[in-house]
Amino acid sequence: MKNLTILPADTYTVINKTIITNEDHKIISMLYQPIIGYTATSLYETLKDDLDKQEIMSDELNHHHLMSTMQLNLQEIVIAREKLEAIGLLKTYVKEENINNYVYELFSPLSASEIFNHPILNIVLYSNLGKQEYDKLINYFKVPKINLKNYTDVTKSFEEVFSSVEKTSMDIISDITKKNSNNIEISKGIDFDELISTVPENLINNKTFSDNIKRLINNLSFAYNLKTYELSGLVIDSINEKGEIDEVKLRKSARNFYQFEREGSLPTLIYKKQPNYLKKPIGDNSKWAKMVYAFESLTPYEFLKAKYKGAEPTDRDKKLIESLLNDQQLSAGVVNVIIAYTLKTNNERLTKAYVETIAGQLKRLNVETVEEAMQVTEKEHKKLRKLTTKSTQTKKKTTENLPTWFKEEPNKEAASTEEIEEMEDILKELV
């Protein structure tokens, strides 16, 4: 997906694709906000307020209006917008001109029932709120049950009340406003040919893996980071005598499997990769730029796994990395730099205290980009070298432990053929 630089002068128009009710506002405030945060929720409400009196379409506005209204910078607005897009509340289109024009389409939230039964949103909501707050929400949205055992249904049917009239010619109207929600899409899915091949043929039929079931399996795979071979056993156990997959049983099995593997904890959603707005612009072929690209292009999990030579990282290391992303709120690319720096300078060990010291400094310095993180760690390492013994042996040992980007000053010139080949070899090791 193309990464455009957004400017205050860039214009936007809001189009309402749905009917947003008072109940929807409650759902967004109570159920969506704990997942996407206050800023993204506020952006949704601000875009809705931009609509005309008929709540159909806004005038053409510019992004400086959003900045002034919300008292946020453009980077904060882009992050909030991307969260709304990811969770299905917003779709964004752009027409590139001298001044780019954006179209923001607003959608309704899912219903409370859909959220509490969603294989991803339900997990994140529980993880972010905790059991006590989660149970309060369940009770708030729960519909009271009345025992109708001794009652008789006397509801009239349509034909009992209305009679048929002679048919008249009329057009079918298709563009009337209606309530419209947007699906949450998981682009990186399971290889279903591989998954299906692992299930005994006598257990399934042509309806077993319906589109809805495939969507559920993709969501579970994403939420619980499940591999195909792990899903295979869960799917087989969830197939009933009709050859259908029991959705409730599959979801419970996936949750129980994850909790068993991780001592009862549940997953939370984090930025999988470095956000686009924090990435270095494309076009620089220097060795330095290629290393920046490598850190930006991989998730911390993928990067750590590459360091394990393809093996699964230990739970201890994964929890440590997760704490940097969730607790310290560091960007994914910066976490990758911390991993690389720590392993190179600490004898290939991710020591908690060592990692958290580096992470704390980068957080205090408000470092968000990969390039900033590389420059700061390089500067700190040079300070450390001045405090060490100046013997040749110590110097040699220190140099050998330096991360790749420390071995020479950042090179902004185009890389030579040999350098490009060297960097490609490095990238191959990482992916």
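None of the figures in this text is laboratory data; all of them are computed from the coordinates on show. Note that the structure is predicted; figures quoted are calculated from it, not measured. No Cβ is skipped: glycine too gets one built from the backbone with ideal geometry, and neighbour counts run over all protein chains shown.
Determine the shape class of region 70-168: with a ≥ b ≥ c the square roots of the Cα gyration tensor eigenvalues, call it rounded for a/c under 1.5, and otherwise prolate if a/b is greater than b/c, oblate otherwise.
Working: a/c = 4.42, a/b = 1.45, b/c = 3.05.
Because a/c hits 1.5 or more and a/b fails to exceed b/c, region 70-168 counts as oblate.
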- Note on the structure: Scalar couplings 3J(HN,Hα) for region 26-40 by Karplus 6.51 cos²θ - 1.76 cosθ + 1.60 (θ = phi - 60°), nearest whole Hz, x for Gly and Pro, are 5, 5, 5, 5, 8, 10, 7, 4, x, 8, 9, x, 5, 5, 5
- Message: Take the residue pairs 91/319; 287/344; 17/252; 344/379; 273/363 and return only those whose Cα atoms are more than 23 Å apart.
- Response: 91/319; 17/252
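How much net charge surrounds residue 351 when only the other residues with a Cβ under 12 Å from the Cβ of residue 351 are counted, with Lys and Arg +1 and Asp and Glu -1?
Details: positive: 316, 349, 352; negative: 317, 348, 356.
In short, 0.
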- What list of ³J(HN,Hα) values in whole Hz, one per residue of region 12-17 in order, does the Karplus curve 6.51 cos²θ - 1.76 cosθ + 1.60 (θ = phi - 60°) give from phi, with Gly and Pro shown as x? 8, 10, 9, 10, 8, 9
- So for region 7-64, using the alpha carbon gyration tensor with a ≥ b ≥ c as root eigenvalues (a/c under 1.5 gives rounded; past that, a/b versus b/c decides prolate or oblate), I'd call it oblate
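Work out how much length residue 348 to residue 60 would gain on full extension: take 0.36 nm times their residue separation and subtract the Cα-Cα distance, in nm to one decimal. Display every interim value, and only then the final one.
Details: separation 288, 0.36 × 288 = 103.68 nm, distance 5.46 nm.
The span from residue 348 to residue 60 would gain 98.2 nm if fully extended.
Please compute the length gained on full extension between residue 111 and residue 382, using 0.36 nm multiplied by the number of residues separating them and subtracting their Cα-Cα distance.
Roughly 92.0 nm would be gained on extension.
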